[in-house]
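The values are calculated or read from the model by the stated rules, or taken from the named source; none is laboratory data. Quantities reported herein were computed from a predicted structural model and do not represent experimental measurements. Note that each Cβ is placed from the backbone with ideal geometry, even for glycine, and that neighbours are counted across all protein chains shown.
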Amino acid sequence: MGLTVSELTDMIQAVGKVIEDNKAFLTELDSAIGDADHGINMAKGFHAVKEKLPTLADADAGTVLKTVGMTLVSTVGGASGPLYGTAFLRAGMKIGNKEELLAVDLDLGLVAALEGIKQRGRAEPGDKTIVDALQPAVMALKESLNAGKTATEALGAAVTAAEDGVEYTKGIIARKGRASYLGERSLGHQDPGATSTYLMLRTMQEFLARRT
Amino acid sequence: MKKLINLPEQVVEDMLEGMVAAYPEYIRLVPELNIVVRKDAPMKGQVGLVSGGGSGHEPTHGGFVGKGMLTAACAGDVFTSPTPDQILAAIKEVDGGAGVLLVVKNYTGDIMNFEMAAELAEAEGIETASVVVNDDVAVEDSLYTQGRRGIAGTVFVHKIAGAKAQAGGTLDEVKEVAEKVIANVRSMGMALTPCIVPAAGKPTFTLAEDEIEIGMGIHGEPGTHREKIRTADEITEHLTKKVLEDLPFAEGDEVAVMINGLGATPLMELFVINKKVAKMLGERKISVVRTYVGEYMTSLEMAGASVTLLKLDQELKELLAAPADTPGFKQF
Ligand SMILES: Nc1ncnc2c1ncn2[C@@H]1O[C@H](COP(=O)(O)OP(=O)(O)OP(=O)(O)O)[C@@H](O)[C@H]1O
Ligand SMILES: [Mg+2]
C-alpha cells in the first residue's frame, strides 16, 4: 500500500474528525451503560492530537504513532485514555522508524495495539469492551492478507468483523469497565468503546480506499 | 442545565484555583496539571500519600490534602480519572525519599491511569505502592467483573493511612494499615435525584418524582434497584443492614460511622439517617467510637446519602483519633 508518513498523519486526522463528529453519539451510548463521557473523552484526546501532529512533520511513522499514543494517554484520562494510548504506543514501537508503511505494517501495528489493550485492561473477548471489536478485526485482517488480498480489502474485512463485534456486544453482559456494574442491565446496549474502535477502523479503510 | 460555572471545560481549573486561594496555608496548586499539593511537601523521610480521581466529589480529593491526610491529590475532569503524567508529577512533588503510597478507587480508568503512573515512577527510581479501595457493597464482588467500587469509605483510608505516614510509618507499614482499613470498611448509598456533568449538560439518568435508586454509585452508576421513596428510617435500615451483613459486623465490634451527603442533601436529613444508624448499632451491641456526618464524598448536586461503617481495632482507633488538619477534614 505504501503509506507515507504524511499520509499516515492525514489518516490519523481523518480518524480524529470522525471521532469529533461522533462525540455526541459515543457519549449517548456511554450514558446507557457507563458514565456518559466516552465521546467527550475521545474527542478531547483527538483534539490534542490534531494540535500535536503538525509539529511532527519530519518524524518517522513510529514516532508519529507513539506521539499520538502519549498525547491520548496524557489528555484523555478515563479508561479509554490508557487503552487507546497504549494501543498507539505499542503500534508505534512495533513499526519503528519507517518512512513508508506496507500492508504487513498494518498487520503488525494492529496486532501490537490489540495486545497492548488486552495487557492494560485485562479484558478478554466477551467482556463487552474494545476487545470485542478489535480482536475479530485483527484476525480478519490477517486472514485476508494471508489470502493475498490488498491492504484496503483486508482492512475492509476487518471493518466488517469489527461491526459484527459491535453488534455482538449488544447481546452480552459487561464484565469489564463501568458497564460491568449494570450486570444484566447492560444487555441490549452496544459497547461505546467497541463502537469507537469500529469507527476508527472504518475511517482508516475509507482513507485507504479513497487514495487507491 | 443551570449551574454556577463559567465554561464547562474550565470548571475544574476554576474550582482548584478557588480552593487554593481559600487555603493557601494548607495547599498549593501545580498549575496546568491540576494537582493539589500539601504546602510543605515533600516532607523529607516521610511517606507521601497521593490520591485522586475524577472531580465532582469535593471535598474529595483536594480538600483532604494537609497534615495527617493526603500529601497530594490529582484532579481529573469531572467524573474522569486523572492521567498518568498528572499522577507522576504528583508523585514527584511529594516524594521525600521514603516512597509514595497511591490510594486508588476501584474503577477501571483510575486503576489503569495510576498503574501507568506507577510504572513511570518506577522508571524514574521512585518507589511506590498502591492500594485499591472497594467499599461499596451494592456491587457484587466478583473475579469476573471490575468488582466493587470505591466510595465514601476511601475517606477513612486517607485519614488512617495519612496518620500512619505522619507518624513516620514506612511505606510498607502505611500500605499495610491502608489495606487493613480497606478490609474492614463497607458502604452503601442511595440517590433521590441525578446530577449533571457540566460537559454533558444533562443528567446521566432520570428518576421519577417518587422514585429512588438504592445502591447508586458516586458517578451515577446504577445500584441494585429502584423503588418508590419510603421513610428515612426504612431506607436507612435497608442500607445499614446490607453494610452490616457484608463484613459482617457483629456484637461487641467497635466502629466508626460516616453518614455522607452526596451534594444536595441537607445536614438535617443526614442527621435523621444517623439517628436510625445509631439506634440499629445500639440494638446490635456494636459500639460507635466516632461518627462523621457531612459531605465527604459528593456527586455534584446529586441528592442522596451513603452509610459507611469501619470496624476498628486498637491500631485503627488510635490512627483515626490522631489529629488531622486539612481544608475539608479537621480533627484536633
Ligand atoms: N478493561 C478494559 N479493557 C478494554 N476496554 C475497556 C476496559 N474497560 C473499559 N473499556 C472500554 O472503555 C469504554 C469506556 O470508555 P470511557 O472513555 O467512557 O471511560 P470510562 O470507563 O468512563 O472511564 P472514566 O469514568 O474514568 O472516564 C467502554 O465502552 C469499553 O469499551
Ligand atoms: Mg465512560
Inset, instruction - Name the residue, out of B:LEU29, B:LEU101, B:LEU4, that is modelled with pLDDT of 95 or more, in contact with a strand residue (DSSP E or B) (Cβ under 8 Å, 6 or more places away or on another chain) and over 17 Å from B:HIS158 (Cβ atoms). - result: B:LEU29
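May I ask you to list the residues in segment B:89-107 that are closer than 25 Å to B:HIS219 by Cα and crowded, with 24+ Cβ neighbours inside 10 Å?
B:ALA90, B:LEU101, B:LEU102, B:VAL103, B:VAL104, B:LYS105, B:TYR107
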Inset, instruction - Select, from A:LEU56, A:LEU89, the only residue that is more than 11 Å from chain B (Cβ to nearest Cβ) and touching a residue at least 24 places away in the same chain (Cβ under 8 Å). - result: A:LEU56
Inset, instruction - Could you name every one of the strands (runs of 3 or more DSSP E) located completely within segment B:224-332 that has at least 2 residues being buried (at least 17 other Cβ atoms within 10 Å of the Cβ)? - result: B:254-261, B:287-294, B:303-311
Inset, instruction - Take segment B:108-146 and flag every residue that is surrounded by fewer than 18 Cβ atoms within 10 Å (Cβ to Cβ) and within 16 Å of ligand 1 (Cβ to nearest atom). - result: B:GLU115, B:SER142, B:LEU143, B:TYR144
Inset, instruction - Identify, by number, the condition in (1) closer than 26 Å to A:ARG210 by Cα; (2) buried (at least 21 other Cβ atoms within 10 Å of the Cβ) that A:VAL111 doesn't meet. - result: (2)
Inset, instruction - Return only the number of the condition from (1) over 25 Å from B:ALA199 (Cβ atoms); (2) in contact (Cβ under 8 Å) with a residue 12 or more places away in the chain; (3) more than 21 Å from the chain's Cα centre (by Cα) that B:ASP40 does not satisfy. - result: (2)
Legend entry - Output for segment B:114-140, where each listed residue is away from every other protein chain (no Cβ under 14 Å), part of a loop (DSSP other than H, G, I, E, B) and either on the phi > 0 side of the Ramachandran plot or among the polar types (S, T, N, Q) (or both): B:GLY125
Inset, instruction - Consider A:THR169 carefully, then state whether it is more than 14 Å from chain B (Cβ to nearest Cβ) and within 22 Å of B:GLY217 (Cβ to Cβ). - result: yes
Legend entry - Hits in segment B:62-107 - residues which are over 16 Å from B:VAL132 (Cα atoms), within 12 Å of ligand 1 (Cβ to nearest atom), in contact with a helix residue (DSSP H, G or I) (Cβ under 8 Å, 6 or more places away or on another chain) and not charged (D, E, K, R): B:GLY76, B:VAL78, B:THR80, B:THR83
Inset, instruction - Mind listing just one residue for me: the one in segment A:177-202 that is surrounded by 23 or more Cβ atoms within 10 Å (Cβ to Cβ) and part of a loop (DSSP other than H, G, I, E, B) and, of those, nearest to the other protein chains (Cβ to nearest Cβ)? - result: A:GLY177
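Conditions tested, residue by residue: (1) over 16 Å from A:ILE130 (Cα atoms); (2) within 15 Å of ligand 1 (Cβ to nearest atom); (3) among the basic types (Lys, Arg).
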| site | (1), (2), (3) |
| --- | --- |
| A:THR75 | yes, yes, no |
| A:GLY78 | no, yes, no |
| A:LEU83 | no, yes, no |
| A:PHE88 | no, yes, no |
| A:MET93 | yes, no, no |
| A:LEU108 | yes, no, no |
| A:GLY116 | no, yes, no |
Inset, instruction - For A:ILE19, indicate whether it is surrounded by 22 or more Cβ atoms within 10 Å (Cβ to Cβ) and at pLDDT below 95. - result: no
Inset, instruction - Among the residues of segment B:168-186, write down those that are out of contact with any helix residue (DSSP H, G or I) (no Cβ under 8 Å at 6 or more places or on another chain) and either buried (at least 24 other Cβ atoms within 10 Å of the Cβ) or of a type in the set (Gly, Ala, Ser) (or both). - result: B:GLY168, B:ALA183
Inset, instruction - State yes or no: is A:ALA113 within 16 Å of ligand 2 (Cβ to nearest atom), out of contact with any Asp or Glu (no Cβ under 7 Å at 6 or more places or on another chain), at negative phi and of a type in the set (Gly, Ala, Ser)? - result: no
Inset, instruction - For B:ILE111, state whether it is part of a loop (DSSP other than H, G, I, E, B) and farther than 18 Å from B:GLY162 by Cβ. - result: no
Legend entry - Criterion: more than 14 Å from chain B (Cβ to nearest Cβ), surrounded by fewer than 16 Cβ atoms within 10 Å (Cβ to Cβ), more than 16 Å from ligand 2 (Cβ to nearest atom) and over 18 Å from A:ALA79 (Cα atoms) - qualifying residue of A:GLU153, A:GLU206, A:GLU163, A:GLU143: A:GLU143
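Taking into account only those residues within segment A:169-190 that are among the aliphatic types (A, V, I, L, M) and within 13 Å of ligand 1 (Cβ to nearest atom), which is farthest from A:ASP35 (Cα to Cα)?
Kept after step one, since they are among the aliphatic types (A, V, I, L, M), are these residues of segment A:169-190: A:172-174, A:179, A:182, A:187.
Remaining after also requiring within 13 Å of ligand 1 (Cβ to nearest atom): A:172, A:174, A:179, A:182.
Working: A:ILE172: 19, A:ALA174: 14, A:ALA179: 9, A:LEU182: 12 Å.
Result: A:ILE172.
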Inset, instruction - Give me a count of the residues in segment A:166-184 that are in contact (Cβ under 8 Å) with a residue 24 or more places away in the chain and away from ligand 2 (no atom under 15 Å from the Cβ). - result: 5
Legend entry - Selected residue (only one of A:LYS118, A:LYS128 is within 14 Å of chain B (Cβ to nearest Cβ), away from ligand 2 (no atom under 16 Å from the Cβ) and not small (Gly, Ala, Ser)): A:LYS118
Legend entry - Answer from A:THR71, A:THR63, A:THR4 - the residue that is more than 15 Å from ligand 2 (Cβ to nearest atom), within 14 Å of chain B (Cβ to nearest Cβ) and either closer than 27 Å to A:ALA123 by Cα or surrounded by fewer than 21 Cβ atoms within 10 Å (Cβ to Cβ) (or both): A:THR71
Inset, instruction - Just name the residue that is farthest from the other protein chains (Cβ to nearest Cβ) out of those in segment A:22-49 that are in contact with a Ser or Thr (Cβ under 7 Å, 6 or more places away or on another chain), within 8 Å of ligand 2 (Cβ to nearest atom) and in contact (Cβ under 8 Å) with a residue 40 or more places away in the chain. - result: A:HIS38
